[in-house]
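Report on one structure; see the data block that follows.
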Amino acid sequence: MIKFLLFSLSFSHVFSIVASQALPSYSGRNGEWQLLHESVGISAMHMQLLHNNKVIIFDRTDFGPSNLSLPNGICRVDSSDTMLQTDCTAHSILYDIVTNGFRPLMIQTDTWCSSGAVLPNGTLVQTGGYNDGERNIRSFTPCSDDEYCNWIEFPQSLIQRRWYASNQVLPDGRIIIVGGRRQFNYEFYPSSWNGVIFLDFLMETNDQGLENNLYPFLHLLPDGNLFIFANTRSILLDYNQNMVLKEFPKIPGDDPRNYPSSGSSILLPLDENDAIIEPEIMVCGGAPRDSFIQAMQGNFIRAISTCGRLKVSVPNPSWNMEDMPMARVMGDMILLPTGDVLIINGAELGTAGWELGRGPVTRPIIYRPSDDVSNWRFSVMSPSPRPRMYHSSAILLTDGRILVSGSNPHVYYNFTNVEYPTDLSMESFSPPYLSPEYDPIRPRILSADEKMGYGGKLFWLSFQVQAYLTANVLSVTIVAPSFATHSFSMNQRMVLLKIAGVTDIAPSTYNLVVAGPSTAEIAPPGYYMMFVVHAHVPSYGRWVKIG
């Protein structure tokens, strides 16, 4: 008989159950690291998770030969390449998170320091790069016969060169491509009738000779406008009208946060349960203004230890600043299924660039944005045995782990006689919520609709949990998989959906009805990882297509 739940279990009761089961001791209460591969053959400069649980990873073609051969005697022949005109090694791989296997992929032109985004149909669109790849678009579409999926290249498809640019998926499924080296403009994919649009803000935030506004932080807001952060400044852009609607206060301290100072930024989770959704931007870390010049002279300045939060929709927004447990430059910020923020990778001294970072920060930290500001919102996690410096990256996987790879602070691959050798390894970090001691309260999604509509349309799923607590600690989150490179995860966003009802249908088994996102501005169309979170412990993710 189906009936509405009676919420009688308490936290203390559940954890007494856990204790009575005499679970083995677990070393992962501060997170746990696992080496997945000693070498995947390439340095993971760019990463993107796809909806078939495969990860596209690539670096650049002008590193020289990688440590992974292309299959069947295939070679890349490119007379424009600055290092090797004939190269029989791979500079991209497709990694399978289920089997832990990978295979080489073929890239023709140079993808160095490029950008990307996933279209609503699941195709990765990768934009720009360097040299002969600077105006190229490449796409990768997951296919049923995985052996034959590969990159497709579209030469000269961008109007301007895009090197160190940023991408954002828009509510109509288009991609906006903003900035890049000496590019003070933006364009769209597919291309629009008005071509390239000049943006004064990008020229104004360009430090002469240093830039400090590359890979600008882009966040699509619930009103459909675009938040852009570059250097120390940020604006609200109506990209359809090419109109700057508002300029926000500078982040305190007057220290740049974008490449090569290389802090990071996220849009904090959007909650559909709120009567009015107030988007909030968070920016953490980076390097003081003179760090790049000083590092070139062998003087490595301590990185920035502050984070700033900005509620962009309030009448008079201002930055609220907090101190991290340690300074960090070149760190990656990742939204966890719980709504917490993981900050991982990077260095304590110097800046991004060849040989310009020192003092690896191997301990991730977790930040709890919903905790009261009077509490210490940061927790320090277990250290990785491997430094992840310049050109490393990290992404969230459907099972809740963080995939971490890369680190190459050298012009080419360099494994000997250097302080930080090129690292071709791959590892995973398991946040504390994956500890086995939480298994009794960990939900498991049994079934779910494959598609979710807008306008609050109802969506059904069923899940199991051994020891159910109360609806007050139950939530459903959707997370857009991000394109990670150079300390910025493009298109990363999380939405907390509104729960319409919970019913029990069998012992430890429940039906859950949630309302889909209200608008495409809240959740642009495409594939999302959906998690059921119970008492801050998430299920494994289930892919759902929105729109």
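The values are calculated or read from the model by the stated rules, or taken from the named source; none is laboratory data. Fair warning: this is a prediction, and the values are worked out from it, not measured in the lab. Cβ coordinates were reconstructed from backbone atoms using ideal geometry, including for glycine residues, and neighbour counts include every protein chain displayed. These accessible areas exclude ligands, DNA and RNA; they are computed on the full protein's heavy atoms, side chains included. Shrake-Rupley method; radii C 1.70, N 1.55, O 1.52, S 1.80 Å.
None of Leu356, Leu342, Leu349 is touching a residue at least 24 places away in the same chain (Cβ under 8 Å) and either closer than 25 Å to Pro538 by Cα or basic (Lys, Arg) (or both) except Leu342.
Quick one: which residue in Asn414, Asn375, Asn408 is in a loop (DSSP other than H, G, I, E, B), among the polar types (S, T, N, Q), out of contact with any strand residue (DSSP E or B) (no Cβ under 6 Å at 6 or more places or on another chain) and surrounded by 20 or more Cβ atoms within 10 Å (Cβ to Cβ)? Going through Asn414, Asn375, Asn408 in turn, the sole match is Asn408.
For the stretch 378-392, what are the residues that are among the aromatic types (Phe, Trp, Tyr) and either surrounded by fewer than 17 Cβ atoms within 10 Å (Cβ to Cβ) or under 24 Å from Ser115 (Cα atoms) (or both)?
Answer for the stretch 378-392, where residues must be among the aromatic types (Phe, Trp, Tyr) and either surrounded by fewer than 17 Cβ atoms within 10 Å (Cβ to Cβ) or under 24 Å from Ser115 (Cα atoms) (or both): just Tyr390.
Within the stretch 83-105, the set of residues being open to solvent by less than 50 Å² (accessible area, probe 1.4 Å) and touching a Phe, Trp or Tyr at 6+ places or on another chain (Cβ under 8 Å) comprises His91, Ser92, Ile93, Leu94, Tyr95, Asp96, Gly101, Leu105.
The rows are residues; the columns are (1) under 16 Å from Arg388 (Cβ atoms); (2) under 28 Å from the mean Cα position of the chain (by Cα); (3) among the aromatic types (Phe, Trp, Tyr).
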{"position": "Leu36", "(1), (2), (3)": "yes, yes, no"}
{"position": "Gly41", "(1), (2), (3)": "no, yes, no"}
{"position": "His46", "(1), (2), (3)": "yes, yes, no"}
{"position": "Asn67", "(1), (2), (3)": "no, yes, no"}
{"position": "Pro71", "(1), (2), (3)": "no, no, no"}
{"position": "Arg76", "(1), (2), (3)": "no, no, no"}
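Taken as a whole, the stretch 88-103 holds at least one residue that is out of contact with any helix residue (DSSP H, G or I) (no Cβ under 7 Å at 6 or more places or on another chain), over 15 Å from Ser43 (Cα atoms), modelled with pLDDT of 95 or more and of a type in the set (Ser, Thr, Tyr). Confirm whether Asp223 is open to solvent by 10 Å² or more (accessible area, probe 1.4 Å) and at pLDDT below 95. The answer is no for Asp223. Residues that are open to solvent by 50 Å² or more (accessible area, probe 1.4 Å) and assigned to a strand (DSSP E or B) within the stretch 57-79 comprise Ser69, Val77, listed in sequence order.
Cβ-Cβ contacts under 9 Å between residues 6 or more apart (or on different chains), taken from a first residue in the stretch 245-271 that is aromatic (Phe, Trp, Tyr) to a second residue that is open to solvent by 10 Å² or more (accessible area, probe 1.4 Å) and modelled with pLDDT under 95, are listed as Tyr259/Glu211. Being more than 14 Å from Leu396 (Cα to Cα) and surrounded by fewer than 24 Cβ atoms within 10 Å (Cβ to Cβ) is a property that holds for Tyr510.
Looking across the stretch 520-547, the residues that are open to solvent by less than 50 Å² (accessible area, probe 1.4 Å), of a type outside the set (A, V, I, L, M) and on the phi < 0 side of the Ramachandran plot come down to Pro524, Pro525, Tyr528, Phe531, His534, Pro538, Ser539, Gly541, Trp543. Of the residues making up the stretch 440-473, those that are touching a Ser or Thr at 6+ places or on another chain (Cβ under 7 Å) and of a type in the set (Gly, Ala, Ser) are Ser447, Gly455, Gly456, Ser462.
In this structure, Asn258 does not satisfy being surrounded by fewer than 20 Cβ atoms within 10 Å (Cβ to Cβ), outside the structural domain of Leu496 (by the TED database) and of a type outside the set (A, V, I, L, M).
The set of residues in the stretch 174-208 being among the charged types (D, E, K, R), surrounded by fewer than 21 Cβ atoms within 10 Å (Cβ to Cβ) and under 18 Å from Gln126 (Cα atoms) consists of Arg174, Arg181. Restricting the stretch 351-369 to residues that are of a type in the set (Gly, Ala, Ser) and more than 20 Å from the chain's Cα centre (by Cα), which is farthest from Asp255 (Cα to Cα)? Going through the qualifying residues, I end up with Gly359.
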